[in-house]
Amino acid sequence: MSDTLELKIEEWLNWDKNEHTIREITALRDEGNTVLLEKLLMSRLEFGTAGLRGRMGPGYSQMNDLVIVQTSQGLASYVDEVFGSDAEELGVVVGYDGRYNSKRFAELTAAIFINKGIPVYLYSQVCPTPFVPFALLHFKCVCGVMVTASHNPKDDNGYKVYWNNGAQIIPPHDKNIQEAIMKNLAPLDCSWDTSIIDHSNLLNDPLPAVMDAYYSIIQDCILYPNINANTPVKFTYTPMHGVGYPYMLQAFNIANFKPFVVVEEQKDPDPEFSTVEFPNPEEGKSSLELAIKTANENQCTVILANDPDADRLAVAEKSKTGDWRVFSGNEVGALLGWWCLYCYREKNPDADLSDVYMMSSTVSSMILKSMSKVEGFKFLETLTGFKWMGNKSHELISEGKTVLFAFEEAIGFMCGTAVLDKDGVSAAVQTAGLVAYLKTKGLSLTDKLNEIYLKYGRHITLNSYYFCHDQTVLKKIFERLRNFKGTPKTYPDGIIEGKYKIVGIRDLTNGFDSTQPDQKAILPVSSSSQMVTFTFNNGLVATLRTSGTEPKIKYYTELCASPEEQNEEVLSTTLNEMVEAIVQEFLQPEVNGLIPRSS
C-alpha cells in the first residue's frame, strides 16, 4: 500500500463521522484491498452542471455524509462570496426525495448553511424536485438544493443545485463551486451537528406556503374546470415508488377532476423500488406493467406516471382494441405544445404571438419548430438539459417575452414559467385537461397527435443507446467521425454509399457548424462532452452524444417530413434503414465492443 493511499485512508478516518462508512473503509484497509481503496479515495465525484450524482457508499468517489458535508461547505462558501449579506437576508431552499439517506443529506446541508448564518427553507417532508426551484423564486432565495437521483437505480443519490434565477446552475457556477469545495474539504465540527435545525430560528418549512402558491397557479392555468369535473375519462396514476402521490392528489382536486386510481403497490415512497427493475417511466411498457394492470382492472383509459422525484411524466392511452400505447417524450411534447398554445389563445384571443416562445433541446423533436412556422410564435433550440431551457426562459422573461412551453424527449415538460425546470405534476394535470377537452370532441390523444402531424408534418423518431464503460473508446468513435477522411474536420458526407447525403454538420464539442457562414456553432460548446449532429437531405436529423451521468453513447434521430408526406409506413422504413446505417457506419458497435441497450 502506497504512502499516498495510507495518508488518504488516515484522512478519511479522521474526517468521517459516520460509523457505517468508517467501518467499511477500515475493513477494506484491514483486508489490504488497495485496488478498491484507490478507487474510493484517490478520486472524487466532481461537481458539474448536474451537481453530484453517484452510487452511495464510502469514499470520495461516492455519495455519503462526508462528501455531502464537503460539498455543502463549498457551496455555502461560494454563495457567501457571490451574494454576501443578501444570502443572510434571503436564504436558501433545501428539499429531498424518498431515497436512502436523502433526508440525512438534506439535514446536513441545512445545518451547514444555518451555521454560516444563512436562513434555510427545509422541506418538512419529501417533495417533488420542481418544488425547490418554485420555492426559490417564491421566497426570492439565492440558491436551492434538491437531494435526489431522480430515476437512477436505488443505490444512487444526487445533489442538484439551482441558482437565484430559479434555474439549474450552468457554467461558470459549476466550476466555481467545485473550486470552493476543494478549498473547504476539512469538515468543521459544527457541520456534523444536525441538532441545530431543531431549534434554530433560521430554519423555516416552506411546504405550507408553497402548497398555497403552487396550486393557486395550477388553478389559474385550468382552462375548462367544468369539462374536467364532468369528464367520463378515468385516469390511473403511479408515482413509481416516489414522492408524487399527495401532490398529484391535490393537483387533480384543484383542477376539478374526480380522483384518479392510484397504483397501490407504488403509491408510497420506497427506496427499494421493489416492484420495478428500473424506477424510470421513460423505459416504456416494462416500467408500467402494474399501472396497466391497475388501469385494466378499473376501466381506466389513460395512465399518468411520474418518476420518483416527480419532475418527469409518462403518458399511456388505451386504444379501442384494448392495446396500450405509451407515448414517447417527443409525442407528449407535441401534444402539450399544441395544448399550451390553444389555452393561451383562448385566454388571450387578441395576443400577438411574435413575443411568445416555445423551446426544446437539440436532441428532441423539432415539431415545435414546424408548428412555429405555421402559427407565428418563436421557437428556440437549446443544448441538452433543462438547465439550458430554464436559464433561457429566465432571460426571455427578463426581456418581457412570454414562454409558453419547453420540453425534452426524456419525458421532461415545462408548462408555463412558475417552475423554470421540468415539472411532472403540472404537466400531468395539463395532460389530463387536454384528455378531458379532446373527449368532448370525440378524440383521443392518438387522434389529436395525428391531426398535429397532418397540419405540421409527420415527425417520427427512433432513439436508443449503447453501453460503453471505456471513455477512450467513446473518444475514439467521435475522433474518427471528425477525421473521417484523414484530416481534421472532414466528417462523413453520407451513408449507404451516398444514397442519403449529409447537408449539415454541427459539432458542439469543438464548435464546428457547417451551416453557419463562419462555420462556428451558435449553441454553447463544451469540450468535456461529445456531441455531433448530422442533417440529411431528406429531412433526417441525427445526433450522437455521450451521456453526462451514465456510461452510454446515445443516438437521437428524427425524420421531419412535409405535411404532404403522410405515408407513415414509407417514412418508418426510410428511418429504420437510415438509423441502421448510421449505427453501423458511424458507431461500429461490433468493432468498438458496444453493448446493446437490451443486453
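The values are calculated or read from the model by the stated rules, or taken from the named source; none is laboratory data. All values reported here derive from a predicted model rather than from experimental measurement. Note that we place each Cβ from the backbone using ideal geometry, even for glycine, and neighbour counts take in every protein chain shown.
The condition of being more than 27 Å from ALA316 (Cα to Cα), under 17 Å from the mean Cα position of the chain (by Cα) and not assigned by TED's automatic domain parsing to the domain that holds PRO171 holds for only one of LEU383, LEU396, LEU353, that being LEU383.
With respect to being assigned by TED's automatic domain parsing to the domain that holds LEU288, crowded, with 19+ Cβ neighbours inside 10 Å and farther than 29 Å from LYS154 by Cβ, ASN184 falls outside the description. Taking the stated definitions as given, is LEU341 in contact with a Phe, Trp or Tyr (Cβ under 9 Å, 6 or more places away or on another chain) and over 21 Å from MET248 (Cβ atoms)? In short, yes. Across segment 367-387, the qualifying residues are those that are in a loop (DSSP other than H, G, I, E, B) and either modelled with pLDDT under 95 or basic (Lys, Arg) (or both), and the one among them that is nearest to ALA167 (Cα to Cα) is GLY385. Taking helices (runs of 4 or more DSSP H) as the structural unit, those lying wholly within segment 1-96 and holding at least 3 residues that are surrounded by fewer than 19 Cβ atoms within 10 Å (Cβ to Cβ) and not assigned by TED's automatic domain parsing to the domain that holds LYS160 correspond to 3-15, 19-31, 34-41. In this structure, is LYS378 outside the structural domain of ASP513 (by TED's automatic domain parsing), charged (D, E, K, R) and under 25 Å from SER527 (Cα atoms)? Spelling it out, it is not the case that LYS378 is outside the structural domain of ASP513 (by TED's automatic domain parsing), charged (D, E, K, R) and under 25 Å from SER527 (Cα atoms). Counting only strands (runs of 3 or more DSSP E) that sit completely within segment 113-180, those holding 3 or more residues that are among the aromatic types (Phe, Trp, Tyr) correspond to 156-163. If the condition is being in contact with a Gly (Cβ under 7 Å, 6 or more places away or on another chain) and polar (S, T, N, Q), then segment 298-331 contributes only ASN306.
THR461 meets the conditions (1) free of Cβ contacts under 8 Å to residues at least 40 places away in the same chain; (2) under 24 Å from ASP307 (Cα atoms); (3) in contact with a Ser or Thr (Cβ under 7 Å, 6 or more places away or on another chain) in every case but one. The failed one is (1).
Only one of the numbered conditions (1) surrounded by fewer than 13 Cβ atoms within 10 Å (Cβ to Cβ); (2) without any contact (Cβ under 8 Å) to a residue 60 or more places away in the chain is not met by VAL374, and that is (2).
Looking only at residues in segment 42-56 that are of a type outside the set (Asp, Glu) and touching a helix residue (DSSP H, G or I) at 6+ places or on another chain (Cβ under 7 Å), which one is farthest from SER150 (Cα to Cα)? Result: MET42. The set of residues in segment 192-207 that are of a type in the set (Gly, Ala, Ser) and either within 19 Å of VAL93 (Cβ to Cβ) or in a loop (DSSP other than H, G, I, E, B) (or both) contains only SER200. On the given criteria, is ILE222 in a loop (DSSP other than H, G, I, E, B) and surrounded by fewer than 22 Cβ atoms within 10 Å (Cβ to Cβ)? It is true that ILE222 is in a loop (DSSP other than H, G, I, E, B) and surrounded by fewer than 22 Cβ atoms within 10 Å (Cβ to Cβ). Within segment 344-364, the set of residues being among the β-branched types (Val, Ile, Thr) and farther than 23 Å from THR461 by Cα comprises VAL356 only.
Within the set LYS448, LYS422, LYS455, LYS441, the sole residue that is out of contact with any helix residue (DSSP H, G or I) (no Cβ under 6 Å at 6 or more places or on another chain), in contact (Cβ under 8 Å) with a residue 40 or more places away in the chain and basic (Lys, Arg) turns out to be LYS455.
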